[in-house]
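Written below as structure tokens is the structure these notes are about.
The values are calculated or read from the model by the stated rules, or taken from the named source; none is laboratory data. What you see is a predicted model; the values in this text were computed from it and never measured. With ideal geometry, Cβ positions are generated from the backbone for all residues, glycine too; neighbour counts draw on all protein chains shown. Each accessible area value is taken on the protein alone, full model and side chains, heavy atoms only, with ligands, DNA and RNA left out. Shrake-Rupley method; radii C 1.70, N 1.55, O 1.52, S 1.80 Å.
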Amino acid sequence: MRTLWTLIAVATVAVSTAGLAQQKSASDAIAEYRAMLADGNPADLFEAKGEELWKQKRGPKNVSLEQCNLGKGAGVVKGAFVELPRWFADTGRVQDLESRLLTCMETLQGFDSKVIINTPFGKGEQAKIESLVAWISAESKGMHFNLPQAHTAEKTAYELGKRAFYYRAGPYDFSCASCHGQEGKRIRLQDLPDLTKNPGDGVGFAAWPAYRVSSGELWGMQRRLNDCFRQQRFPYPGYTSDVTVALGVYMGVNAKGAESIAPALKR
Amino acid sequence: MNALKTMVIVAAAAIAAGCASMSPGPDYRAFLQQMMGSSFRDEGIAKIDRLKQDEANAACSEAQSGTPPEAVTSAIQEQALKSVRMPKDGKFLGDWREGEKLAQNGRGMTWTDKSAEPRDNGGNCLNCHQVTKEEIAYGTIGPSLYHYGKDRGVVDPQSEMSRPIVEYTWTKIYNSRSYNACSGMPRFGHLGLLDETQMKHLMALLLDPQSPVNSN
């Protein structure tokens, strides 16, 4: 009888380990895939191109971006990324990295920002912005997010970003919070960061811009948000529109203290 | 961008006024509507009228991660329940094989989808729910549906005994608000995302004892 019970016990253990092994092999395979990819991030290529673009004389005025003020004074790039979006006195607006670059491209180089706004992602000047954000974010790699909230406009943007985050609408009744409002959830096998709080170093807001292996492109935060709204079944958000900047403030302030790994590497 | 600028000025004025007269703070609700209205455009089948909130979505958004007051949630649920139409022919179950295809299919209703017709929509089930034992690439936003019928004692879905579970399940798929005002699940029947036949296939996936949801 004793042998029978031992057999049953062994069988039970075997069954549950088999189940575990199946679960484990799936997540292990994904972790392995990520580790393999991390060995060389093609974002490097975009960074190099971005630095070149920053220094290159371009546009109708044939001027470089070297005098662009990203919030820490004209020409200061290091540390600027982890303090964006923020309020800018010259435009009287809260701006994220991409809307600020548009301002500099317009005022310094003479580009028409409206034309760039209406250019599809990955094309023309939009492709150039993707290289610029790769380099500018890389210059703050390892630094900790510390968005300013001293100006009334920054506080208002946070409050509006929070409300936009919870705004349910569309044919599926989704909001940003439908996917990113709880800890430890996933869609299919994709883990979802909880963006209502600080999801941690190199996660969520602290992981964009990123190189997307599946599409072979470098995505800035604007493109990431655009795809979130697409999957939410919402209409199309304007490039650097108020709602995208406000969401950046909400997520960025929530991520205070998190380490930036941008440009990161994504599936 | 002018919209946000105006809001900031108004907000600053409201805060200043608040100090003197104890009036409430800035009217974020109005600012939000203005911001949403100015930030989006039509793209393909995704038109800006999709941003319009019905009362339920407005109340659930306002509650953020909490729940609206009891009176509001019961009104939403009552109204949702009234919207539910039972199948015209009285038959609730279709083919679970078709249901499984729909559960796997995550397409539909985005600006890159060509039409809003139910035939072009998937059920999106696996994005949020475990459905079978074999498929491990499932989401966890919703509860596991593995053994859905079995756990609820459904042996013969046609039987009188199974009727309450069958009707409950149909109602949940038709209009998820019927039992949970701020449910995270789309209203598949109420908003015409899936047609009656497709919903029946999903019903079979969940309730047919032969379906992989219940058979192993």
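What are the residues in segment B:45-74 that are without any contact (Cβ under 8 Å) to a residue 12 or more places away in the chain, more than 9 Å from chain A (Cβ to nearest Cβ) and of a type in the set (A, V, I, L, M), if any? Correct list: B:Ala71 only.
The condition (being in a helix (DSSP H, G or I) and modelled with pLDDT of 95 or more) is satisfied by just one residue among A:Lys72, A:Lys61, A:Lys141, A:Lys49: A:Lys49. If you go through segment A:37-46 and keep only what is assigned to a helix (DSSP H, G or I) and either open to solvent by 50 Å² or more (accessible area, probe 1.4 Å) or of a type in the set (Phe, Trp, Tyr) (or both), you end up with A:Ala38, A:Asp44, A:Leu45, A:Phe46. Just one of the numbered conditions (1) open to solvent by 30 Å² or more (accessible area, probe 1.4 Å); (2) more than 11 Å from chain A (Cβ to nearest Cβ) is not true of B:Thr140: (2). Candidates are the residues of segment B:31-44 that are more than 8 Å from every other protein chain (Cβ to nearest Cβ) and either open to solvent by 50 Å² or more (accessible area, probe 1.4 Å) or among the β-branched types (Val, Ile, Thr) (or both); the one that is nearest to A:Cys228 (Cα to Cα) is B:Gly37.
I'd like to check something: does segment A:126-140 contain any residue that is more than 26 Å from A:Ala255 (Cα to Cα), surrounded by fewer than 21 Cβ atoms within 10 Å (Cβ to Cβ) and either touching a helix residue (DSSP H, G or I) at 6+ places or on another chain (Cβ under 7 Å) or not small (Gly, Ala, Ser) (or both)? Please lay out each step first, then the result.
Start the filter on segment A:126-140 by keeping residues that are more than 26 Å from A:Ala255 (Cα to Cα), which leaves A:126-128.
Those left that are additionally surrounded by fewer than 21 Cβ atoms within 10 Å (Cβ to Cβ): A:126-128.
Subset that is either touching a helix residue (DSSP H, G or I) at 6+ places or on another chain (Cβ under 7 Å) or not small (Gly, Ala, Ser) (or both): A:126, A:128.
Within segment A:126-140, one or more residues are more than 26 Å from A:Ala255 (Cα to Cα), surrounded by fewer than 21 Cβ atoms within 10 Å (Cβ to Cβ) and either touching a helix residue (DSSP H, G or I) at 6+ places or on another chain (Cβ under 7 Å) or not small (Gly, Ala, Ser) (or both).
Consider segment A:160-188 and keep the residues that are polar (S, T, N, Q) and within 7 Å of another protein chain (Cβ to nearest Cβ). The one that is least open to solvent (accessible area, probe 1.4 Å) is A:Ser175. Where helices (runs of 4 or more DSSP H) sit wholly within segment B:113-197, those with at least 2 residues that are polar (S, T, N, Q) occupy B:163-174. Within segment A:227-253, restricting attention to residues that are in contact with a Ser or Thr (Cβ under 7 Å, 6 or more places away or on another chain), surrounded by fewer than 23 Cβ atoms within 10 Å (Cβ to Cβ) and part of a helix (DSSP H, G or I), the residue that is farthest from the other protein chains (Cβ to nearest Cβ) is A:Gln231.
I'd like to know if segment A:82-95 contains one or more residues that are in a loop (DSSP other than H, G, I, E, B), within 30 Å of B:Ser65 (Cα to Cα) and not acidic (Asp, Glu). Yes - at least one qualifying residue is present in segment A:82-95. Only a single criterion out of (1) under 19 Å from A:Pro171 (Cα atoms); (2) surrounded by 23 or more Cβ atoms within 10 Å (Cβ to Cβ); (3) in contact (Cβ under 8 Å) with a residue 40 or more places away in the chain is not satisfied by B:Gly184, namely (2). Kindly evaluate A:Lys256 against the criterion of being closer than 28 Å to B:Leu32 by Cα, basic (Lys, Arg) and either open to solvent by less than 10 Å² (accessible area, probe 1.4 Å) or within 13 Å of another protein chain (Cβ to nearest Cβ) (or both). Considered against the rule, which asks whether it is closer than 28 Å to B:Leu32 by Cα, basic (Lys, Arg) and either open to solvent by less than 10 Å² (accessible area, probe 1.4 Å) or within 13 Å of another protein chain (Cβ to nearest Cβ) (or both), A:Lys256 comes out as no.
For segment B:79-132, a residue qualifies if it is more than 25 Å from B:Tyr179 (Cβ to Cβ) and open to solvent by 80 Å² or more (accessible area, probe 1.4 Å), and the qualifying residues are B:Arg97, B:Lys101, B:Arg107, B:Thr112, B:Lys114, B:Glu117, B:Arg119.
Going by the conditions given, is A:Asp194 open to solvent by 30 Å² or more (accessible area, probe 1.4 Å) and either part of a loop (DSSP other than H, G, I, E, B) or more than 8 Å from every other protein chain (Cβ to nearest Cβ) (or both)? Write out each step before concluding.
Working: open to solvent by 30 Å² or more (accessible area, probe 1.4 Å): no; either part of a loop (DSSP other than H, G, I, E, B) or more than 8 Å from every other protein chain (Cβ to nearest Cβ) (or both): yes.
Criteria not met by A:Asp194.
The set of residues in segment B:54-76 being open to solvent by 50 Å² or more (accessible area, probe 1.4 Å) and either at positive phi or of a type outside the set (Val, Ile, Thr) (or both) consists of B:Asp54, B:Glu55, B:Glu62, B:Gln64, B:Ser65, B:Pro69, B:Glu70, B:Ala71, B:Ala75.
Here A:Gly110 fulfils each of the conditions (1) in contact (Cβ under 8 Å) with a residue 24 or more places away in the chain; (2) assigned to a loop (DSSP other than H, G, I, E, B); (3) open to solvent by 50 Å² or more (accessible area, probe 1.4 Å) apart from (3).
When you check A:Pro263 against the structure, is it open to solvent by less than 10 Å² (accessible area, probe 1.4 Å) and within 11 Å of chain B (Cβ to nearest Cβ), yes or no?
Numbers: open to solvent by less than 10 Å² (accessible area, probe 1.4 Å): yes; within 11 Å of chain B (Cβ to nearest Cβ): no.
Spelling it out, it is not the case that A:Pro263 is open to solvent by less than 10 Å² (accessible area, probe 1.4 Å) and within 11 Å of chain B (Cβ to nearest Cβ).
Residues in segment A:216-248 that are in contact (Cβ under 8 Å) with a residue 40 or more places away in the chain, over 16 Å from A:Leu101 (Cβ atoms) and within 12 Å of the chain's Cα centre (by Cα): A:Asn226, A:Cys228, A:Leu247.
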